[in-house]
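**Q** Starting off with a structure, shown below.
Read the figures in this text as sums done on the coordinates, not as results from a lab. These numbers were taken from a predicted model, which means no experiment stands behind them. Here the Cβ positions follow ideal geometry from the backbone for every residue, glycine too, while neighbour counts run over all protein chains shown.
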Amino acid sequence: MIVAEGLSRPALRRKLRHARRQLTPAQQRLAARRLYRQLAQHPRFRRAQHIALYLPNDGEIDPRLLLQAAQRRGKATYLPVLNPWPRTRMVFQRIEPGEQLRRNRFGILEPVIRTARQRRVWALDLLLMPLVGFDGKGGRLGMGGGFYDRSLAYRAMRKKSHKPTLLGLAHECQRVDRLPLESWDVALQATVTDQGWYAG
Ligand SMILES: Nc1nc2c(c(=O)[nH]1)N(C=O)[C@@H](CNc1ccc(C(=O)N[C@@H](CCC(=O)O)C(=O)O)cc1)CN2
Ligand SMILES: Nc1ncnc2c1ncn2[C@@H]1O[C@H](COP(=O)(O)OP(=O)(O)OP(=O)(O)O)[C@@H](O)[C@H]1O
């Protein structure tokens, strides 16, 4: 586990991003299969009809087996898409198997914007979130764009139990003893790694 004390947020981010990029392709594949086993039969996943995931970037744990499983089971699946304007906004758009994707300004694959296919965050059942670091208290450190935090800002005004369920997905090497909490940070209900579940 990584000790956060004495590290600034950017320094911690660099260290954690470095750690996940060190994983070999074989380790990545194994972790992705283990993650799939942790979640595919879990009630939170089985019960969800509208699920948002992401396409892996920069060493992130790969949730594509879960994406395929969700599509096989007839669930609606969504990916984050960066809005052209305002540029700080991220939306969730439904994707179908085999749909053509394009790289966004960060080089991450995403569907081509089609407003009619977008769904409000609070109308999703399950949000599987990428992250750079996590702790055992629901803390999440992202890439630093604040995209997920802004999408979830509505939560501050609603009860914790509201939709969607927020789960972080991570490699075990992304675990930090304790993350400093910022005012805008939205707590995860749990983080799931290739090794297990960490309740928030
Ligand atoms: N797989 C995945 N998709 C995602 C996210 C994510 O974290 N992971 N995002 C979650 O928010 C959004 C994209 N957010 C991002 C925020 C910052 C950087 C970033 O700083 N990237 C470069 C900067 C270089 C450049 O500008 O091209 C970097 O690697 O340093 C990347 C993505 C939407 N889609
Ligand atoms: N609810 C919000 N409203 C406005 N700005 C916000 C909000 N949440 C976060 N931000 C801004 O986003 C910036 C990045 O935040 P932070 O470092 O927590 O992002 P992150 O969680 O690492 O990234 P991401 O959510 O994209 O994965 C902060 O400087 C903050 O000002």
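**Q** For the chain, what is the charge dipole size about the Cα centre, in debye to the nearest 20, if Lys and Arg each add +1 at the Cβ and Asp and Glu each add -1 at the Cβ?
**A** 520
**Q** Where both partners of a DSSP beta bridge lie in the chain, what percent of those bridges are antiparallel, to the nearest 5?
**A** Counting DSSP beta bridges with both partners in the chain, the antiparallel share is about 50 percent.
**Q** Could you work out the relative contact order of the stretch 21-135, using alpha carbon pairs under 8 angstrom and six or more residues apart, expressed as a whole percent?
**A** Relative contact order for the stretch 21-135 comes out at 27 percent.
**Q** Let me ask something additional. Rounded to the nearest 0.05, what FRET efficiency do Ala11 and Arg46 give with R0 = 45 Å and r taken as the Cβ-Cβ distance? Could you check?
**A** That pair, Ala11 with Arg46, gives E of 0.70.
**Q** Once you put a point 7 Å from the Cα of Arg120 and another 7 Å from the Cα of Arg33, both along the Cβ direction, what distance in nm separates them?
**A** Using points 7 Å along Cα→Cβ, the separation is 4.2 nm.
**Q** OK, next. Which one of Thr115, Leu179, Leu16 is farthest out on the positive end of the charge dipole of the chain, using unit charges on Cβ (Lys, Arg +1; Asp, Glu -1) and the Cα centre as origin?
**A** Thr115
**Q** Per DSSP helix of 4 or more residues, -39500 (n - 2.57); summed, then divided by the residues of the chain. What does that give at 222 nm, rounded to the nearest 500?
**A** My calculation for the chain gives -6500 deg cm²/dmol from helical runs alone.
**Q** What shape does the chain have by the C-alpha gyration tensor, where a ≥ b ≥ c are the square roots of the eigenvalues, rounded means a/c under 1.5, and otherwise prolate means a/b greater than b/c and oblate the rest?
**A** rounded
**Q** Any idea how far apart Met157 and Asp177 come out in nm if each label point goes 7 Å out from Cα toward Cβ?
**A** About 3.9 nm, to one decimal.
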